[in-house]
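Read through the structure below, which is laid out as C-alpha cells, and then see the notes.
The values are calculated or read from the model by the stated rules, or taken from the named source; none is laboratory data. Since the model is a prediction, treat every value here as computed from it, not as a measurement. When we count neighbours, we look across all protein chains shown, and the Cβ atoms used for this are built from the backbone with ideal geometry, even at glycine.
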Amino acid sequence: MYCWAHIRRYFIRAGDAHPELAGWTAAWTERIGALYVAHRGYGAAEPGSAEAARAQAQITHTLATMDTAHRGEAADPATPAPARKVLATLDHEWDGLARHREYPELPLDNNTAERGLRNPVVGRKNYYGSGSVASAELAARAWTITATAARAGLNPLAYLTDYLHACAAAGGKPPNSQALARFYPWAATDADLTRWRGQPGPGP
C-alpha cells in the first residue's frame, strides 16, 4: 500500500513548476481531497453501520474516478509532458494506492510515522550520526521504546525513569521477564499508567 500524501505532492510540484498546469493540478488535488473526506467518514462511522458502508462505497467510487481520469489523460496526446510524467508515477504506483479500498481502516498516508521519525532524524543530523553500529542499535531501541510510550499517551521521561529505578532495584540489571511485563503499556496497572502520564518523580 502506497502513500497518497506523496502522490499529492507530485501533482502540486508539477503545478508550481508549470503555471499552465494549475487547473489540472487543482482537479487532481480535489479528487485526492474527496478521497480523504470519504476516508475520514469511514473512520468516524460505527464499524458495520450503514454510514461505514456508504463511506467505503464512496472510497471505491472516488478511486474508480481517479483511475478513469489518469488513464484517459495518459492516453491523450494533448497532455503536457510534465503532467504525463506525474501520471506515469501515479500509474506505476496505482495498485498500491488503490488497495486502500480493500483496507479502509488503514491510513491513506504515512504522515504519522514520518512525524514520529522527525525528532530522531533531526537529532542524528545534529550530532553527526551514531558513530558506531552499537550506538545506532541502542538509539533505535531507545526511540522505539519512547515512541511506544508516547503512542500510549505516556510521558516517556516518567516512563523511563521508573524503568531505570526498577533496574537499580534489581542490582543494576534489567528486570526479569515477569517484572518487565509491568512496563508493557497495554498490560500496565492503572496506577502505573497514571504515574507515567505525569512528570517523572523520585521513583517508587
Where Gly172 falls short, out of the listed (1) loosely packed, with under 13 Cβ neighbours inside 10 Å; (2) within 18 Å of Thr146 (Cα to Cα); (3) more than 27 Å from the chain's Cα centre (by Cα); (4) of a type outside the set (Phe, Trp, Tyr): (2)
Members of the stretch 1-41 that are of a type in the set (D, E, K, R) and within 15 Å of Pro82 (Cα to Cα): Arg8, Arg9, Arg13, Asp16, Glu20
Index of the failed condition, Arg54 passing every other in (1) in contact (Cβ under 8 Å) with a residue 60 or more places away in the chain; (2) of a type in the set (Lys, Arg); (3) under 19 Å from Tyr36 (Cα atoms): (1)
Pairs where the first residue, in the stretch 123-150, is of a type in the set (Phe, Trp, Tyr) and the second is outside any loop (DSSP other than H, G, I, E, B) and at pLDDT below 85, C-beta under 6 Å, 6+ apart: Trp143/Pro120
Verdict on Ala169 being in contact with a helix residue (DSSP H, G or I) (Cβ under 7 Å, 6 or more places away or on another chain) and among the hydrophobic types (A, V, I, L, M, F, W, C): no
Any hit, the stretch 156-164, residues being surrounded by fewer than 15 Cβ atoms within 10 Å (Cβ to Cβ), more than 27 Å from the chain's Cα centre (by Cα) and free of Cβ contacts under 8 Å to residues at least 24 places away in the same chain: yes
Breaking point among (1) exposed (fewer than 12 other Cβ atoms within 10 Å of the Cβ); (2) assigned to a loop (DSSP other than H, G, I, E, B); (3) at pLDDT below 90; (4) not small (Gly, Ala, Ser), for Pro200: (1)
